[in-house]
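Engineer: I have a structure here, written as structure tokens, and I will follow up with some questions on it.
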Amino acid sequence: MKYLFFISALFLTLVAFSESNEIERNDRDNPNGNQQIKWELIWEDNFDTDGLPNESIWDYEEGYVRNNEAQYYTRNRLENARVENGNLVVEARNDNWDGKEITSASLITKGKKHILFGKIEVRAKLPTGKGAWPAIWMLGTSFKNGTRWPDCGEIDIMENVGFDPDKIHGNIHTKSYNHVIGTNKGNSIIVEKPYADFHVYTIEWFETRIDFFVDGEKYFSFANENTGKTTWPFDDPHYLIINLAIGGGWGGQQGIDDSIFPQKYYIDYVKVYKQK
Ligand SMILES: [Ca+2]
């Protein structure tokens, strides 16, 4: 649900309905997911060293980036992104820093850690409140090299909006399947108070499909239809994004509650595996 540049509020409402209805839940009889698959850890960040995030893994998006969101993303600013007590803390503030009313951070692995297939596991406790829009997602590396969104591919491992706080969303976007043309593919799952406790948000990305899990429960699977990059741009590397947006096309649909700040988004770890 990124890059809502050209979307009207009406259209967003229609998409919201289609999102919840178009995909049936699957594999609910297999709540522990793909247990038969063996994984080998290839990198992780457990956020053990206080201070700025590890620069060998994380870069930043900076400024007002997309979706008419209200936050200004800062770079190397501890108030917005820091490692503290074993967690990455991404904090949205209304601190009017440098003339920017609301500040936050968006950490990306672009140019540092690119991922092609495998298991991506993120343990996180979400921020909340009307206007909050935390996400864990991926974009095809070709995006920054000239390929248009959504042709580059987008995998949304976790999205949540503060006005609907108990719903976790997983989605994919491709040239053929995206919300702009009403063909978005995804599903959601209810997680009670995801802002009160840590949960594990996972995808398992294969050449044939991508499976989406919360705490080991699969709630969405997107299959490779073998019809080319317009439906499956997911045979190219992607980079990981962990951000806390405020407002914007989706997060701001019911406004921004100015009383929610500061809001903290805690990430305990990121682990990336390849299939053995
Ligand atoms: Ca940790």
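We did not get these values from a lab; they are worked out from the coordinates using the rules stated. These numbers come from a predicted model, not from an experiment. For neighbour counting, all protein chains shown are included, and Cβ atoms are generated from backbone atoms with ideal geometry for every residue, glycine included.
Engineer: Please give me the summed charge of the neighbours of Tyr239: other residues whose Cβ is under 13 Å from its Cβ, Lys and Arg +1, Asp and Glu -1.
Structural biologist: Its environment carries a net charge of 0.
Engineer: For the range 92-121 and the range 216-267, compute the distance between their C-alpha centroids and round to whole Å.
Structural biologist: The range 92-121 and the range 216-267 have Cα centres spaced 12 Å from each other.
Engineer: Could you pull out the GluC sites (Glu not before Pro) across the range 205-276 that fall in loop regions by DSSP (anything but H, G, I, E, B) with no more than 15 other Cβ atoms inside 10 Å? Could you put the intermediate results ahead of the total?
Structural biologist: On the way: sites: Glu207, Glu217, Glu225; in loops: Glu207, Glu225.
Here the sparse-neighbourhood loop sites are Glu207, Glu225.
Engineer: Here is a follow-up. What is the distance in Å between the Cα centroid of the range 125-162 and that of the range 165-199?
Structural biologist: Using only Cα atoms to place each centre, the spacing works out to 10 Å.
Engineer: So if the hydrodynamic radius of the range 9-275 is defined as the Kirkwood radius over C-alpha pairs, what does Stokes-Einstein give as its diffusion coefficient at 20 °C and 1.002 mPa s, in µm² per second?
Structural biologist: 116
Engineer: Another one. Label points 7 Å out from Cα along the Cβ direction at Val180 and Trp39: separation in nm?
Structural biologist: In this crude label model, Val180 to Trp39 measures out at 3.2 nm.
Engineer: While we're looking at this one, here's another question. What is the dipole size for the chain, taken about its Cα centre, with +1 at each Lys and Arg Cβ and -1 at each Asp and Glu Cβ, in debye to the nearest 20?
Structural biologist: With Lys and Arg at +1 and Asp and Glu at -1, about 520 debye.
Engineer: Another question, if that's okay. Apply the a/c threshold of 1.5 to the C-alpha gyration tensor of the range 152-214 and tell me whether it is rounded, prolate or oblate. Each step should come with its number before you reach the end.
Structural biologist: Details: a/c = 2.94, a/b = 1.50, b/c = 1.96.
Oblate shape, in that a/c is at least 1.5 and b/c is the bigger or equal ratio.
Engineer: On average over all directions, what projected area in square nanometres does the range 168-276 have, based on the convex hull of its Cα atoms?
Structural biologist: For the range 168-276, averaging the hull's shadow over all directions gives 8.6 nm².
Engineer: I would also like to ask the following. Counting other C-beta atoms within 10 Å, which of Thr147, Thr174 has the fewest, and how do the rest follow? Show your work: numbers first, answer last.
Structural biologist: On the way: Thr147 18, Thr174 24.
Exposure proxy ranking, most exposed first: Thr147, Thr174.
Engineer: Find the relative contact order for the range 9-275 and round it to a whole percent, using C-alpha pairs within less than 8 Å whose residues are 6+ positions apart.
Structural biologist: 30
Engineer: Given the pairs Lys112/Lys218; Lys144/Lys193; Lys130/Lys185; Lys125/Lys274; Lys193/Lys276; Lys175/Lys264, which span a C-alpha to C-alpha distance of over 31 angstrom in this model?
Structural biologist: Over 31 Å apart, Cα to Cα: Lys144/Lys193; Lys193/Lys276; Lys175/Lys264.
Engineer: I would also like to ask the following. For the modelled label position 7 Å from the Cα of Glu207 along Cα-to-Cβ, which residues of the range 252-276 have backbone nitrogen atoms closer than 15 Å?
Structural biologist: 275-276, by backbone N distance to the label point.
Engineer: Please work out how much length the chain gains when fully extended from Leu78 to Lys264, using 0.36 nm per residue of separation minus the C-alpha to C-alpha distance, in nm with one decimal.
Structural biologist: Extending this stretch completely gives an extra 65.7 nm.
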